[in-house]
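Participant: Okay, handing you the structure first.
The values are calculated or read from the model by the stated rules, or taken from the named source; none is laboratory data. This is a predicted model, so every value here is computed, not measured. Cβ coordinates were reconstructed from backbone atoms using ideal geometry, including for glycine residues, and neighbour counts include every protein chain displayed. Surface accessibility is based on the protein's heavy atoms, side chains included, excluding ligands, DNA and RNA. Shrake-Rupley method; radii C 1.70, N 1.55, O 1.52, S 1.80 Å.
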Amino acid sequence: MTGVWLLGMVRRRPGRLIGTAVGIALAVALLASLGSFLAHAKATMTSRAVRGVTVDWQVQVHSGANVPGVAQAVRSTAGVRAMDTVGFARTSGLAATTAGSTQTTGAGVVLGLPADYRTAFPGELRTLVGTDSGVLLAQQTAANLHAAPGDTISIGRAGRAPVSVRVAGVVDLPQADSLFQTVGAPAGSQPSAPPDNVVLLPSPLWSQVFAPLAAARPDLVSTQIHVGLDHRLPSDPASAYTRVVASAHNLEARAAGAAQVGDNLAAALGAARQDAAYAQVLFVFLGLPGALLAGLLTATLAASGATRRRAEQALLRARGATAAQLMRLAGIEAGVTGVLGAAVGLGAAAVVGQVAFGSAAFGTTASSAAVWSGASAVIGLLIAAAAVLAPARRALRQETVSAGRSAVGALHYPAWARYGLDAGALIVAGLVFTATSRNGYQIVLAPEGVPTISVSYWAFLGPALLWLGGGLLAWRLADGALGRGRPVLARALRPFTQRLSGVVAGGMSRQRRPLVRAIVLLGLAVCFAVSTATFNATYRKQAEADAQLTNGADVTVTEPPGSSAGPDAARTLSAISGVKAVEPIQHRFAYVGTDLQDLYGVRPNTIRHVTALQDAYFRGGTAAALMARLGAQPDSILVSAETVKDFQLHPGDTLNLRLVDNRTHQQRAVPFHYAGIVAEFPTAPKDSFFVANADYVARMSGSNAVGAFLVDTGGRNTGAVARRIQSTLGSAAQVTDISTVRTTVGSSLTAVDLAGLTRVELAFALVLAAAAGGLVLALGLAERRRSFAILAALGARRRHLRSFIASETLVLTVGGLAVGIAIGWVLSDMLVKVLTGVFDPPPSAVTVPWTYLTGVALIAVATLAAVTAVAVRAVSKPAINVLREL
């Protein structure tokens with residue numbers, strides 16, 4: 001009996017088996033593909049985090065400890081590939097006499113570097129002017145002293161006579177934040193800013209200069225051992241973080257209190273593990289709805305043959321089949337479709353992973369890959385059981401043989417609809433969304449120094465309940481429109497069905513439940529496409545904004561320290577092939593009170609032509625309004641929120657900044673008027689800075705020198721244009737392009753690489769939208785071929801049958817697209833707000849990918865139209881032939 005049943009299913013009902021298997025395959029393939037995404041994303045995050053660290057450990061030797069002993073403990077640590085001893089000393093001030101005037105600075109730091117330091121840690125120093133060895137000045141220090149290679153500077157020593165040295169070069173310190181960190185600072189404490197004045201001396205000279213100071217004032221002199229590790233770490237950032245932290249703790253234990261590790265590598269991996277947590281969050285928010293949708297599609301496809309399955313089951317029961325035998329037959333159908341769907345799904349996921357992520361693996365290790373692929377297959381089998389076994393069991397328990405043989409059963413209003421579950425779900429979704437989208441809420445929390453991370457999974461409840469409540473509400477509305485709204489439906493269909501409008505509407509009303517399920521399913525598929533595509537489009541736009549914030553524009557030319565190039569130098573850049581526009585931007589330093597901050601002078605009327613200024617970057621007005629205010633009131637200035645708080649500023653207040661006057665080389669007070677708050681600005685640091693009118697700054701400081709030129713290439717060939725600019729200007733200027741910055745910027749937005757996930761999810765969304773409409777409609781119409789054959793036998797012509805089928809297609813298309821667009825629009829806005837932590841900077845509004853969404857709608861409509869055409873042709877065959885086949 002089992003073999004005959006299975007053979008009969010394959011021969012007589014292949015569409016139902018294949019359709020159910022396709023739904024399962026979609027769910028399995030999506031889940032397994034997301035496993036590939038997680039594996040690839042975590043490995044990418046770890047690689048980026050490790051690549052961005054130059055000095056992995058800064059081992060701070062405690063005062064009075066044995067430095068050689070600590071060095072031996074470091075050398076014996078597994079994985080150490082390079083190490084150098086670096087001296088740190090505090091100077092009371094620096095002085096230099098150049099061009100007939102003397103400049104002095106406040107306190108600073110003097111480093112003693114071994115001769116091989118550049119080789120061991122190549123990313124720590126970058127020469128700007130002069131030689132790579134000897135006495136070197138940091139870029140800002142050289143600007144403060146107006147010093148250049150060949151000049152002599154004086155280094156102050158507390159309680160001792162100053163020492164004069166000759167400058168050999170000027171360098172940039174790209175890793176200054178970590179280089180001058182306070183090793184051992186309490187977790188969560190505010191990091192100190194790097195010193196404004198830094199001098200680098202060869203280790204022998206440093207020892208000669210500061211050995212007397214170390215004896216008299218040991219609190220002003222310290223030693224660090226800088227360490228480079230081999231970076232052979234697990235691909236999962238959390239596992240890599242745990243290993244690095246454990247190794248650092250082991251070194252501290254072996255040093256027996258003589259040293260403490262400043263773990264730069266662990267800090268980078270700690271940020272990466274937070275990004276990995278966001279990757280998991282994105283999987284839940286963007287991936288699980290697709291898998292659930294595929295499960296609903298499978299259930300709907302299986303339910304499309306419910307009437308025929310009930311009739312077949314009733315016939316077998318009438319002929320003596322027991323409940324156990326019937327459940328065994330249903331189990332065979334579920335098993336065949338489940339195994340087939342799981343196998344096809346895993347195969348498809350392997351292909352998708354290879355194409356989208358460059359790897360067919362489902363995890364970072366063999367065990368995790370086996371667990372992930374096995375879990376995906378098990379979920380596929382569970383979907384098959386829920387779609388086939390559960391309805392069969394319910395029919396056996398609740399229906400009689402005569403009820404099972406009826407073609408049209410009674411329509412019962414479900415319990416959830418009577419109790420208003422849809423309204424309750426939407427209300428709770430709104431409350432959860434309000435709580436999780438408020439300012440300061442963090443969905444992922446990774447405290448520094450803590451090996452575990454915390455993810456607020458309850459925040460998923462808002463979008464999940466919106467998705468559930470929206471789908472149930474769509475079911476209620478569609479059922480009401482096709483039931484009680486039958487007269488309205490008849491009038492709406494009259495232009496297409498003429499005198500048959502009442503009959504067509506009546507037929508759809510009496511058998512509306514399959515059509516209602518199809519509308520809801522198509523709506524949820526479109527909703528998945530809308531929400532996923534909108535989130536990804538917003539992500540891509542903010543990723544571009546983040547890269548532009550870091551680099552400034554498509555290409556940025558940073559002038560060397562001491563350069564006097566003015567805005568007119570832009571003409572040289574404008575003549576280079578591929579350059580569309582060039583915008584000069586000043587970069588100065590200004591004191592507000594005792595705080596030294598960056599000052600950017602811009603041309604308010606043209607700055608927006610070459611770089612993106614979003615409203616989210618400002619407070620107190622839009623980007624356009626605040627730029628216009630800088631242009632209309634040249635002495636206006638934009639400041640950070642921290643400065644506003646520290647100095648209790650109100651709009652219009654006078655803010656006196658101390659700038660260096662190029663004519664006297666002395667500081668002078670320059671009055672500005674507070675006009676608004678700036679939180680982000682191209683090329684500016686993440687902390688406090690000022691934005692002012694460039695003409696006003698130039699007039700008050702006596703110099704129009706430009707710090708950088710922002711170059712617009714129209715977004716094309718940025719790398720090639722950057723190389724041409726570098727070739728034209730030589731090595732003195734630093735030229736960076738946005739393409740390079742995109743791959744190196746370290747924010748959570750770019751570290752969670754969604755490029756592959758975007759391709760996968762958008763492709764699945766297209767397939768699900770087409771399948772939700774096309775397959776469900778096709779199988780539903782196929783199950784009613786007998787009804788259409790009887791209509792044809794009673795005299796219905798081809799155009800009459802076409803009216804029945806096309807009307808159903810029209811209602812399904814209009815209803816499904818309307819439901820999907822409505823729910824998708826609200827869900828997109830909710831996802832972007834709840835997942836604000838993924839974005840840096842946060843978006844001011846969602847970005848709608850109209851081209852993709854139009855394509856989804858067209859594909860869905862085309863699929864439904866094709867199914868309609870095939871169905872019309874099928875039911876147009878002679879009625880006697882159709883009835884014999886059935």
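Participant: Find how much the distance from Arg658 to Asp132 grows on full extension, using 0.36 nm per residue of separation minus their present alpha carbon separation; answer in nm with one decimal. Don't skip to the answer; put the middle values down first.
Facilitator: Working: separation 526, 0.36 × 526 = 189.36 nm, distance 3.30 nm.
Once the chain is fully extended between Arg658 and Asp132, it gains 186.1 nm.
Participant: Further question: Taking 2.2 N^0.38 Å as the expected size of a compact globular protein, what ratio does the Cα radius of gyration of segment 560-606 give against it, to two decimals?
Facilitator: Values: Rg = 14.0 Å, N = 47, 2.2 N^0.38 = 9.5 Å.
So segment 560-606 has a normalised radius of gyration of 1.48.
Participant: Which residue, Leu179, Gly108, Ala216, has the largest displacement toward the positive end of the dipole of segment 80-229 when charges sit on each Cβ (Lys, Arg +1; Asp, Glu -1)?
Facilitator: Looking along the dipole axis, the top candidate is Ala216.
Participant: Under 26 Å Cα-Cα from Lys686, which lysines qualify once same-chain neighbours fewer than 8 residues away are excluded?
Facilitator: In chain and number order, the partners are Lys42, Lys541, Lys645, Lys833.
Participant: While we're on this one: Could you pull out every residue, at least 5 positions away or on a different chain, whose amide H is within less than 5 Å of the one on Phe672? Hs are placed 1.01 Å off N in the peptide plane, and Pro or chain starts have none.
Facilitator: Correct list: Leu655, Asn656, Leu657.
Participant: How many percent of the accessible area of segment 49-191 is carbon or sulfur, using a 1.4 Å probe?
Facilitator: Working: 3240 of 6250 Å².
Here it works out to 52 percent.
Participant: Taking the Cα centre of segment 564-731 as the origin and placing charges on Cβ (Lys, Arg +1; Asp, Glu -1), which of Ala669, Gly593, Ser577 is farthest toward the positive end of the dipole?
Facilitator: Ser577
Participant: Considering only segment 564-731, what is the antiparallel percent among its DSSP beta bridges, to the nearest 5?
Facilitator: Percent antiparallel among DSSP bridges in segment 564-731 is about 75.
Participant: Sort segment 62-170 into rounded, prolate or oblate with this rule: let a ≥ b ≥ c be the square roots of the eigenvalues of the Cα gyration tensor; rounded if a/c is under 1.5, and if a/c is not under 1.5, prolate when a/b is larger than b/c, oblate otherwise.
Facilitator: On the way: a/c = 3.26, a/b = 1.68, b/c = 1.95.
Verdict is oblate for segment 62-170.
Participant: For segment 564-731, what % of the accessible area comes from carbon and sulfur atoms, probe 1.4 Å?
Facilitator: 48 percent
Participant: Given a 1.4 angstrom probe, what's the average accessible area per residue across segment 539-642, in square angstrom? Please list the in-between numbers first.
Facilitator: Values: 4170 Å² over 104 residues.
Per residue, segment 539-642 has 40 Å² of solvent-accessible surface.
Participant: Determine the equivalent ellipsoid of segment 564-731 by diagonalising the alpha-carbon gyration tensor, then write out the semi-axes as square roots of 5 times the eigenvalues, largest first, rounded to whole Å. Before the final figure, lay out the partial values.
Facilitator: Details: eigenvalues 162, 72, 34 Å².
Its equivalent ellipsoid spans semi-axes of 28, 19, 13 Å.
Participant: Accessible area per residue of segment 83-196 at 1.4 Å probe, in Å²?
Facilitator: Values: 5010 Å² over 114 residues.
Spelled out: the 1.4 Å probe surface of segment 83-196, per residue, equals 44 Å².
Participant: When we measure straight from the Cα of Lys580, which aspartates and glutamates land under 18 angstrom away, once same-chain ones fewer than 8 places off are left out?
Facilitator: Here the aspartates and glutamates satisfying the reach criterion relative to Lys580 are Asp554, Asp568, Asp712, Asp737.
Participant: What is the pair-distance distribution P(r) of segment 19-67, computed from all Cα-Cα distances in 10 Å bins starting at 0, with each bin given as a whole percent?
Facilitator: Per 10 Å bin, starting at zero, the Cα-Cα P(r) for segment 19-67 comes out as 20, 21, 18, 17, 11, 7, 5, 1 percent.
Participant: Another question, then. Counting only other residues whose beta carbon sits under 13 Å from that of Ser577, what net charge do I get with K and R as +1, D and E as -1? Let's see the in-between values first.
Facilitator: Details: positive: Lys580, Arg716, Arg723, Arg724; negative: none.
Around Ser577, the surrounding residues sum to +4.
Participant: Tell me, in nm to one decimal, what length is gained between Arg394 and Val67 on full extension, where the rule is 0.36 nm per residue of separation less the Cα-Cα distance? Write out the running numbers ahead of the final one.
Facilitator: Values: separation 327, 0.36 × 327 = 117.72 nm, distance 7.77 nm.
Full extension from Arg394 to Val67 adds 109.9 nm.
Participant: Per residue, how much accessible surface does segment 659-704 expose to a 1.4 Å probe? Answer in Å², no decimals. Kindly include the intermediate steps, with their values, before the conclusion.
Facilitator: Working: 1850 Å² over 46 residues.
Solvent-accessible surface per residue comes out at 40 Å².
Participant: Here's something else I'd like to know. Estimate the FRET efficiency between Thr851 and Ser731 by the formula 1/(1 + (r/R0)^6), using the beta-carbon distance for r and 41 Å for R0, to the nearest 0.05. Each step should come with its number before you reach the end.
Facilitator: Working: r = 43 Å, r/R0 = 1.05.
Here the calculated transfer efficiency is 0.45.
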